[in-house]
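Only the coordinates and a few stated rules stand behind these numbers; no lab work does. Nothing here was measured: the structure is a model prediction, and the numbers come from that model. A quick note on method: Cβ atoms are made from the backbone with ideal geometry, for glycine too, and the neighbour counts reach across all protein chains shown.
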Amino acid sequence: MTAGTKLTLRDVVTVKLPAASAYLSVLRTATAGLAVRLDFTIDEIEDLRIAVDEACAMLLAQAVPGTDLNCEFELTGDAMRISVSVLTVDGRTPSRDTFAWTVLSSLAGEVDATAGPGETVTVTLQKRRGAGGAA
């Protein structure tokens, strides 16, 4: 690193666990713990916990048996970005015109889904502190 170069550190936590509903409590707990670090309200924390659970449920429905669920939490000032990905049987992103997607969007704020290489599907949520959500 040269003089005058500023090193920017990312505040990122990555969790990898079996793609099975029995392990989702680990992600809900991690979500709550990290949201507390950003001073989210109790209601915002609960919204995020439910949103992560819903996003995972969408992905687990099409996950390849025996694969891993990968979750990355990125904390940036007043926001948390959560990306959950899994290897799927068909590589299709969840439908955006369902009740589940509407609920997810209202809980998390910003929601997106992308298909990546090798039939991997990722659902990304971003919630800002004080930005509202489910009441």
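Just the Cα atoms of the chain, one point each, no solvent: what log10 I(q)/I(0) does Debye give at q = 0.11, 0.15, 0.16, 0.22 Å⁻¹?
So the normalised log intensities are -0.39, -0.69, -0.77, -1.32.
In debye to the nearest 20, how big a dipole does the range 14-128 give about its Cα centre with +1 on each Lys and Arg Cβ and -1 on each Asp and Glu Cβ?
Details: 9 positive and 16 negative charges, 38 e Å.
The dipole of the range 14-128 has a size of about 180 debye.
Using the Cα centre of the chain as origin and beta-carbon charges of +1 (Lys, Arg) and -1 (Asp, Glu), tell me which of Ala108, Val15, Val64 is placed farthest towards the positive end of the dipole.
The listed residue farthest towards the positive side: Val15.
HN-Hα J couplings of the range 111-122 from phi, Karplus 6.51/-1.76/1.60, θ = phi - 60°, integer Hz, Gly and Pro as x?
9, 8, 9, 9, 9, x, x, x, 6, 7, 10, 10
Per residue and in cubic angstrom, what volume does the convex hull of the Cα atoms of the range 55-130 have? Write down the numbers at each step before the final one.
Numbers: hull volume 5.9 nm³, N = 76.
In the range 55-130, the Cα hull volume divided by residue count equals 78 Å³.
In deg cm²/dmol and to the nearest 500, what is the mean residue ellipticity at 222 nm of the chain if only DSSP H runs of at least 4 residues count, each as -39500 (n - 2.57), divided by the residue total?
Dividing the helical sum by the residues of the chain leaves -10500 deg cm²/dmol.
Could you give the nm distance between label points at Arg10 and Ala61, where each point is 7 Å from its Cα heading toward the beta carbon?
Those two pseudo-labels are separated by 2.9 nm.
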